[in-house]
Amino acid sequence: MRPFITVMLAMALTPFAVAPAARAQGGADAAIYLVSYIDVVPAAKAQAATLLRQLATVSRKEPGVMGFDVLQRTDPSHQFVMLEAWKDQQALDAHVAGAPSKQFREKLAAHLISPVDERLCIATLIGPVPLSGSGTVHVVTHVDVPGNSRDQAYAALKDLAEASRKDRGNLRFDVVHQKNRTNHFTVMELWADQRSDDAHELAAHTREFRNVLTPITGALYDQRWYKAL
């Protein structure tokens, strides 16, 4: 099983909105991103998947939604992640306060191994591609570096994002960072097929990124593969 920190999936999701031209850290972008990791008991994975699909169907129709992806890890398959994008904090707050979101959390609670790990993020490097889109492989990576290495990590992520968006089969390569821990990044990728992602993993720019990151990383590189629900 590959190291921890990239999240992939294997089905298609319908695009919801197109992001503006690439945005970098420090901009005036009001968009807010929520990455939520969900761990349920293995016997309840089917129930959890159903609840997630139901929530996604409703949430994709709400005002201010820019993207709402729900993914199931390929192995172990009782782990899930939600990738949400909202136009601003107000839109996210309205979603969280809404009846569908509350009902989802109430029903999910009985199946959880641990509390939902929610990471509120803002844009670091968002490309001019759909925030959600159809493809076969999604990858989400958490990059954690010490605070004094943030600028170095940002520069390496910027180089990686710009090169990766030119790779064959890349449909999305976005980076966000946590609002309360700006040295914690999440990389979200979408690839047309497994072959494209495999080629990217072995590309020179990906290897160079890992060469730069490894000496400064603050945690184990967490790489995960998922399928879309």
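Taking the centroid of alpha carbons for each part, segment 170-194 and segment 74-128 are 15 Å apart.
Taking label points 7 Å from Cα along the Cα-to-Cβ direction, A94 and D75 give a separation of 4.4 nm. Given contacts defined as C-alpha pairs under 8 Å and at least six residues apart, what's the relative contact order of the chain, whole-number percent? Rounded, it is 34 percent for the chain.
Helix content alone sets the calculated 222 nm mean residue ellipticity of the chain: runs of n ≥ 4 DSSP H residues at -39500 (n - 2.57) each, divided across all residues, give -9000 deg cm²/dmol. Between V41 and N180, the simple label model (points 7 Å from Cα in the Cβ direction) yields a spacing of 2.9 nm.
Between D198 and T57, what is the label-point separation in nm under the 7 Å Cα-to-beta-carbon projection? Taking the two extended label points, one gets 3.6 nm.
All of the numbers you see were taken from the coordinates with simple rules; none came from a lab. Because the structure is a prediction, the values reported are computed rather than measured. A quick note on method: Cβ atoms are made from the backbone with ideal geometry, for glycine too, and the neighbour counts reach across all protein chains shown.
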